[in-house]
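Below: one structure, written as structure tokens.
Only the coordinates and a few stated rules stand behind these numbers; no lab work does. None of the values given here were measured: they were computed from a predicted structure. Virtual Cβ from ideal backbone geometry, glycine too; neighbours counted across all protein chains shown.
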Amino acid sequence: MAACAGSLAQLAPGRVVLTLGRGESSVFTIGQRPATTSRLEQSVHALRALLAGETVSWDGGEARMTWPTRTVPIYLAASGPRTLRLAGRIADGVLFQVGADPRLVSWALAQVEAGAREAGRTLDELTLCARVGCSVDEDRAWARQEMKPYAAVAAKTSFDAIPAEELPVDLLEEAHELRARYDYYQHAHGEAQHRHLVTERVIDAVSIAGTPAEAAPRFHALADLGVDRIVAPIVVSDGPRLVRTLAEHVLPAFRTA
């Protein structure tokens, strides 16, 4: 992983970010468990040392890269409180997925800030990236329907990681149903059976889906909370259509602001 990041940084200086997570569908479907936060923290320190040209002890062996050293920012992908706080303590940035509801985003940012304070840091020292599924189109019905498969993914990840007492009361029933019936072997599949469990409330909680006029203020709301970047996976069936809509009808609102 360090070698890969170093190679990319040599090809594209200043444009590479290495993001690590505990693992979810990729480990569950091979009968494994996600990495612990302790292992994740060890990985961050080891990667930084390797990229700096240092010798690292790992699983009983030693490793060192002989290439020119590279500085590669390391972000943590996080949804739960422990990983969010770890990101605040040690990461250059955090890619958090807790949905698009400002209440949940505020909660996530508070966890990152708490971790940052533990290390004598502030949120200004991290790049705060919200991973938010979006489906924006003048055809509102199309946009909402297209978001359902990914909304199931985002909801499962978020509802598993966020403590139940932090979830909005109006989502508890849907959260319980999705967690119980989600099938990781149909993860992110457009025809996944569990997509039928995604209600209108769930779509709005975990994604931004609707017309440009509806979407722009919701993106603004996240920016107002302190989010630096919105990472929007292209998950609709017509990706170019979504990109054009965002470029022509949503981004201009930010440029004007």
Q: Would you compute, from DSSP H runs of 4+ residues alone, the mean residue ellipticity of the chain at 222 nm, taking -39500 (n - 2.57) per run and dividing by the full residue count, rounded to the nearest 500?
A: -14500 deg cm²/dmol
Q) Taking Rh as the Kirkwood radius, which is the inverse of the mean 1/r over Cα pairs, what is the Rg/Rh value for the range 1-48? A) 1.07
Q. Over the range 86-129, with a single point scatterer placed on each C-alpha, what log10 of the ratio I(q)/I(0) does the Debye formula yield at q = 0.14, 0.16, 0.33, 0.35 1/Å?
A. -0.27, -0.35, -1.18, -1.26
Q: Pick out, from GLY14, GLN32, THR245, the residue whose Cα sits farthest towards the positive end of the charge dipole of the chain, with +1 on the Cβ of Lys and Arg and -1 on the Cβ of Asp and Glu.
A: GLY14
Q) Picking from ALA52, ALA143, ALA161, which is most flexible by a Gaussian network model of the chain using Cα springs under 10 Å? A) ALA52
Q) Which three semi-axes in whole Å describe the equivalent ellipsoid of the range 127-256, each the square root of 5 times a Cα gyration tensor eigenvalue, listed largest first? A) 24, 18, 12
Q: Starting from the exponent 0.38 and prefactor 2.2 Å, build the expected Rg for the range 93-198 from its residue count and divide its actual Cα Rg by it.
A: 1.20
**Q.** Rel. contact order, % - alpha carbon contacts under 8 angstrom, at least six apart, the chain
**A.** 18
Q) Which residue, THR71, THR127, THR157, has the most motion in a Gaussian network model of the chain that connects Cα atoms within less than 10 Å? A) THR71
Q: May I ask for the equivalent-ellipsoid semi-axes of the range 14-104, computed as the square root of five times each C-alpha gyration tensor eigenvalue and listed largest first in whole Å?
A: 26, 18, 11
(Q) Over 5 Å intervals from 0, what percent of Cα-Cα pairs in the chain sits in each interval? (A) 1, 6, 12, 15, 17, 17, 14, 9, 5, 2, 1, 0
